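Single-structure report; data block below.
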């Protein structure tokens, strides 16, 4: 049960209704995270814009960013976000076991050595950003990651740390599709 009343999209008015319609246009429903955050419609809209931009901007493919999201969500102990991004990976044909393995720190055979190194870096950033060292970034560069891509990884993790904080602190309930993951 959420710690705040989730706003009902059917009862929303004004800016909240506009934001709900925008989100619904993408998902065909309004997730509980947006219903919880919608008391702040401009923040909800800004988060939605940042989320879409983080996924689409840059050179790292969406599937790998989803791996960063699920790993980060797990590191910060957000069940809602972990399951949401497991679901996103499942829609990209990842098995539940493949999702669990990468969450637990195993290299994924679906990813290259370079990509698995980026996932491990994202895990460190997600767990404790201050633990990142120059040597870690140099190792990524040695594998072929550019500075722009390092920023992209960090931005992906930062987005998940924010959304995970909101979802966890407000105890946002799982969507039906997430249950059982």
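The values are calculated or read from the model by the stated rules, or taken from the named source; none is laboratory data. The shown structure was predicted, so the numbers you read here are calculated from the model rather than taken from an experiment. With ideal geometry, Cβ positions are generated from the backbone for all residues, glycine too; neighbour counts draw on all protein chains shown.
Data for the structure
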| quantity | calculated |
| --- | --- |
| Residue match in the range 169-179 (condition: touching a helix residue (DSSP H, G or I) at 6+ places or on another chain (Cβ under 9 Å) and exposed (fewer than 12 other Cβ atoms within 10 Å of the Cβ)) | yes |
| Condition met for residue 84 (without any contact (Cβ under 8 Å) to a residue 40 or more places away in the chain, assigned to a helix (DSSP H, G or I) and either on the phi > 0 side of the Ramachandran plot or surrounded by 19 or more Cβ atoms within 10 Å (Cβ to Cβ) (or both)) | no |
| Of the criteria (1) over 22 Å from residue 168 (Cβ atoms); (2) not in a loop (DSSP other than H, G, I, E, B), which one residue 110 fails | (2) |
| Filter result for residue 5 (modelled with pLDDT of 95 or more and under 17 Å from residue 159 (Cβ atoms)) | no |
| Set 67, 100: member being modelled with pLDDT of 95 or more, in the same structural domain as residue 156 (by TED's automatic domain parsing) and touching a helix residue (DSSP H, G or I) at 6+ places or on another chain (Cβ under 6 Å) | 67 |
| Residues located in the range 121-138, provided they are within 19 Å of residue 160 (Cβ to Cβ) and touching a helix residue (DSSP H, G or I) at 6+ places or on another chain (Cβ under 9 Å) | 121, 122, 123, 124, 125, 126, 127, 128, 129, 131, 132, 136 |
| The range 1-34, residues that are crowded, with 19+ Cβ neighbours inside 10 Å, assigned to a helix (DSSP H, G or I) and free of Cβ contacts under 8 Å to residues at least 60 places away in the same chain | 16, 19, 20, 23, 34 |
| Every pair of residues 6+ apart whose Cβ atoms lie under 6 Å, when the first sits in the range 135-146 and is at positive phi and free of Cβ contacts under 8 Å to residues at least 60 places away in the same chain while the second is assigned to a helix (DSSP H, G or I) and surrounded by 12 or more Cβ atoms within 10 Å (Cβ to Cβ) | 144/114 |
